[in-house]
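Note sheet for the following structure.
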Amino acid sequence: MLLSLLIFLPLFFAFVVALLPEKAIRPGALIMSLLHFALSCALFYRFDPHKVGLQLVERSPWVPTFGITYFVGIDGISFWLVMLSAFLTPIVVLGSWTAIAKNVRSFHICLFLLLTSTIGTFVAMDAVLFYVFFETSLIPMYFMVGVWGGANRLYATMKFFIYTMAGSLFMLIAIVALIFMTQDQFGQMSASILDFYKLQIPFVAGTVLNTQTLLFFAFALAFAIKVPMFPVHTWLPDAHVEAPTPGSVILAAIMLKMGTYGFMRFVIPMFPSATEYWAWLFMVLGVIGIVYGALVAMVQPDMKKLVAYSSVSHMGYVMLGLFALNIYGATGGLYQMLNHGVSTGALFLLVGMIYEKTHSRQIADYGGLARVAPIYSIAFLIVTFSSIAVPLTNGFVGEFLILLGSFQANPWLTAVAVTGVILGAVYMLWMVKRIFFGGDGKLIAEAHDDLDIGAREIFVLAPLVILIFWMGIFPNDFMNWSKASVNNLIDNRTHYVLSVEE
Amino acid sequence: MQIDFSFIDFMLVGPAVALFFFSCVPLLIKVLRGNVEQNSLATLIYAFLGIVAALGFTFTMMGTERTAFDGALVFDGISSFTTVIVLLITGVALTFMRDSFSTNSRQFTEAMFLTMNSAVGMLTVVWSNDLIITFVGIELFSLCLYILIAMSLEERVSKEAAFKYFILGSFASALMLYGISFIYGTVGSTYLPDLLQATPNLLATNRLFLLGFILLISGVAFKLAVFPFHSWAPDVYQGSPTPLTGFMATGVKAVVLAFFLRLVASQAFTVERFWPFVDVLQWLTVMTILVGNIGAFRQKSLKRMLAYSSVAHSGYIMIGIIAAGIGGASMLGASGVMFYILSYSIMTLGAFGVLHVLESRADSDLTVEDLKGLANEKPWTALSMTVLLVSLTGIPPTIGFFGKFFIFSAAIKQGLTWLAVWGVIGSVISVYYYLRPVVAMYMETPTLRRDTIGMRPLSYFAISFTAFLVLLVGLAAEPFYQVVLTSVAKVF
């Protein structure tokens, strides 16, 4: 019952928001999202990290003719992603308190619909149900970018939608093919992911036109676009730059994770032979993404675009870690997903906060901001450290584990990837230098007094800053929850079985 | 010759009789009162009485699985399912028509009479068990539609559309009739069960029969606007009054597809001699999908856009038809097609309905520009339109998603994955033009002054009803799919 409640409570909240009086919308949404987060904290009591299988399972038929069920469950892989979604929503509501000026009601409806579809995506254990949530999440995000976005928002939102849809439709065909395969092999149609794991899918090394490779690429394409991996990343900078701050935060922190989560849930365990054979391709693309993203970020004059390209770079690390196919890489990859959610989410919030006050995102307009806005500067610096993986912050743990894992798999690629760490420090610190230090820039010179952030913004940032250190200093507090599942994924990758815990 | 029709026969054709009877009542009243147009609401109520009576007959006789009038008409699952769809379409379309500027003011009685009798023609096609009766039914509904289009108060393009439809429609009828004559010559009967039994054998041995069969399918393809017989659709759809466009885009397709399914049930596609033609049909399907989607991509007029999109949807349905055909007895393909008929009818009719309520004059031809900023002025209409367009794109959780899911499943099951891939490519192209109006409604500010439009409560209700159905069937597809499965079970 708990998981369904977590999925559909936000849907109910969306209806409530539709009926609330105009003034009560923001406080109401904040209270409801906090309620939802409190409810999701119940997972800490109900979820047993020592068990390998699926927990809190709910199952009922949906379209029995095709073996499609409403089947949700949670394991160590999805646990933190669900928590992250629930955790970020109140932060986004509070963070957008003043940033969203028009259509406040519709905005919060979109936000809650998005929460429903993201949590649904992470706990769906039926492939068609997963697809439904995966696709449905596009619609609120499409509106969020298109209605509340910047000047070029229409182009950006259309591009985002078409790219994602193009990938996922091929995944739909692959899902249908897998459903018929369950019929051939088990005598009964089933869309359950657990049954997909048991399928024997023929694989021929060295060719592309064999069943397992084709299915592998159909899924991989859908998720690679979502991650996004080089070379299908081009929708991301557009969408991020045009999206309103809350949209960027959710896009970066949660929706990109749907892609990497898809790799962990579908691609790696379902097509083990093809994964093994093609892992090099994804590692190479991941490394290209790391270096390319960093290089492009370095020359961006716009802070938001810089953060967007840094996302490409960071997600490259996640992919590198996952396709190293060993325990360090996978753990690091999963950890880096959360890190990226926290630190890039925080960066987008920070950029949004200063943009609200100065209406400029051009780095060149700033300079000497540290003197005028000390609290803001401290927060920004901490988040920057997390983003460039300074020890004691969460970024360090994730990147270190990923590089450790990928070194075992491929030392040469890792050597290239490590340059990304340096480049990351270069572009972030260079931006920090140009914004916060040096002589007073154009904006600061003519500045009005109060460029620093107020109590509300501190409330928004405090949980994220606390998490950055907590995750950096005591990583086991977090990793222990997903350890059993990740170990199971890597150790039994070739004959992966996920059972339902009673 | 002994003529002996049982009471049940008359019960079975009850829907057609009811429609005809109630369509005559307002016309008679109008004539008796000296040719004065009566209250249009009263006329509409008569029409609804007819439709409700027809639905009553249909549901009473549902599941009887028998033929009537010495086997001339057949009443099975496909018949009753399509009958219900046609009746619902007629009801919704008439509701729109009453409010439309291009149909309501002077001659709603006549328009209603012709629409109802067009529906009678459609029902005849659905029930027909004999090629000649099918032909009569097709002519009946086509003739009514020609007149209805020409009756439009809009003067500029409707006459052209009516004439074009008439000429090309006659051409298609001629093709079909020519094909039927060959079939009669070789089989010695136009009786459908005889034909279906003889088809596999004759296709393999008799060239004249092959020619006749191909001509018959060409006629059907014309009515479905399958490439290369699609070029009439955009002009005719644009020229017709919008509610009528919705009616013919959905009703005609539904009944012709039902007839096509009966032909396909002959297992013709499994005959080796016929395979080259099946290959051609597959390529035509791909072309239909591409032409429809790329054509729609380029349109300014929303009606033309929906016309091309209906061509594209014909392509998706053809995937299902081919899957049903080459599988020999593929339930999956046939049920996919039937489900798609349902889903296509609901969403297309709704979309044309939305265009219709936004029209402010008889000659309105809405473009994307006209929709700008609609979400602020008419939030409910904009929301309904969004739901319908999302469904047309095939995004869950809507009926359009499951329509495509079932069709693509059938194709993949029959080893036609490449057709499904083309369908997917088409769907990706369609995202752009289906979401373009959504962008305009929600994300752009109006540039043109919108004429104020009077309230049309019944039309709004009908639109909301279609949008509601789109979501309802999208969330609970299984019961509807079960109905479809049982309806095709006896034929396939």
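Bear in mind that the values in this text are calculations on the coordinates, not laboratory data. Everything quoted here is computed from the prediction, not taken from an experiment. Note that we place each Cβ from the backbone using ideal geometry, even for glycine, and neighbour counts take in every protein chain shown.
Remarks
- Helical segments meeting 24 Å axial Cα length and Kyte-Doolittle 1.0 threshold in chain B (DSSP H): B:14-32, B:40-61, B:77-99, B:108-127, B:131-150, B:207-224, B:242-264, B:275-297, B:302-326, B:331-358, B:417-443, B:457-475
- Derived scalar couplings between HN and Hα for segment A:407-416 equal 5, 4, 7, 7, x, 5, 4, 4, 4, 5 Hz in order, rounded to whole Hz, by the Karplus curve 6.51 cos²θ - 1.76 cosθ + 1.60 (θ = phi - 60°), x for Gly and Pro.
- 3J(HN,Hα) from dihedral phi, segment A:72-89, Karplus parametrisation 6.51/-1.76/1.60, rounded to Hz, x for glycine, proline: 10, x, 9, 9, x, 6, 8, 3, 6, 5, 5, 4, 4, 4, 5, 5, 6, 4
- Per-peptide average of other Cβ atoms within 10 Å, ordering A:59-67, A:232-240 highest first: A:232-240, A:59-67
- Pairs of lysine residues in segment A:2-495 - Cα separation under 25 Å, sequence separation of 8 or more or cross-chain: 29
- Chain B shape via C-alpha gyration tensor axes, a/c threshold 1.5: oblate
- Prolate/oblate/rounded label for the protein assembly as shown (Cα gyration tensor, a/c 1.5): prolate
- Across peptide B:408-417, the average count of Cβ atoms from other chains found within 10 Å of a residue's Cβ is 4.
- Distant-in-sequence amide contacts of residue A:367, defined by a placed amide H-H separation under 5 Å and a gap of 5 or more residues or a different chain, comprise A:441.
- Karplus-derived 3J(HN,Hα), 6.51/-1.76/1.60, for each residue of segment A:484-489, Hz, glycine and proline x: 4, 5, 5, 4, 4, 4
- One chain, two ends: residue A:412 and residue A:15. Fully extended at 0.36 nm per residue, the span grows by 137.6 nm beyond their Cα-Cα distance.
- Pairwise FRET efficiency - residue B:147 versus residue B:181, Cβ, R0 = 25 Å, nearest 0.05: 0.35
- With Cα atoms, 0 to 90° folded angle of helix A:272-298 axis to chain A main axis: 10 degrees
- Between residue A:150 and A:243, the built amide H atoms are under 5 Å apart, and every one of these is 5 or more places off in sequence or on another chain.
- Excluding exposed DSSP-loop trypsin sites (Lys or Arg not before Pro) (at most 16 other C-beta within 10 Å), longest clean stretch of chain B: B:157-297
- Shielding by partners for peptide A:152-164, expressed as the average number of C-beta atoms from other protein chains within 10 Å of each residue's C-beta, is 3.
- Summing +1 for each Lys or Arg and -1 for each Asp or Glu among the other residues whose beta-carbon sits under 15 angstrom from that of residue A:65 gives -1.
- The long axis of helix A:104-123 is offset from the longest Cα principal axis of chain A by roughly 40 degrees.
- Multiplying the residue separation of residue A:493 and residue A:295 by 0.36 nm and subtracting their alpha-carbon distance yields 67.8 nm.
- Spin-label model, residue B:42 to residue B:275: label points 7 Å out along the Cα-to-beta-carbon direction sit 6.6 nm apart.
- Tensor-based shape of segment A:137-281 (alpha-carbon gyration tensor, a/c under 1.5 rounded, otherwise prolate or oblate): prolate
- Over chain A: helical MRE at 222 nm, DSSP H runs n ≥ 4 each giving -39500 (n - 2.57), nearest 500: -23500 deg cm²/dmol
- Distances between placed amide hydrogens fall under 5 Å for residue B:75 paired with B:66, B:67, B:68, all partners being 5 or more residues away or on another chain.
- Total lysine pairs whose alpha carbons fall under 23 Å of each other in segment B:7-489 (8 or more apart, or interchain): 19
- Mean Cβ neighbour count within 10 Å, used as a protection proxy, ranking B:231-237, B:56-62 highest first: B:231-237, B:56-62
- Legend: mean number of C-beta atoms from other chains within 10 angstrom of residue C-beta atoms, peptide A:168-180, equals 5.
- 0 to 90° range, to nearest 10: angle between helix A:2-19 axis and chain A longest Cα axis: 50 degrees
- Distance in nm between pseudo-label sites at residue A:470 and residue A:450 (7 Å out along the Cβ direction from Cα): 3.0 nm
- The distance between label points at residue A:59 and residue B:482 comes to 2.0 nm (points 7 Å beyond Cα on the Cα→Cβ vector).
- Highest-first packing order for the peptide set A:377-386, B:274-283, A:479-488, A:343-352 is A:343-352, A:377-386, A:479-488, B:274-283, based on the mean count of other beta carbon atoms within 10 Å.
- Taking 20 Å as the cut-off, the amide N atoms of segment A:332-367 that come nearer than this to a point 7 Å along the Cα-to-beta-carbon line of residue A:437 belong to A:363-367.
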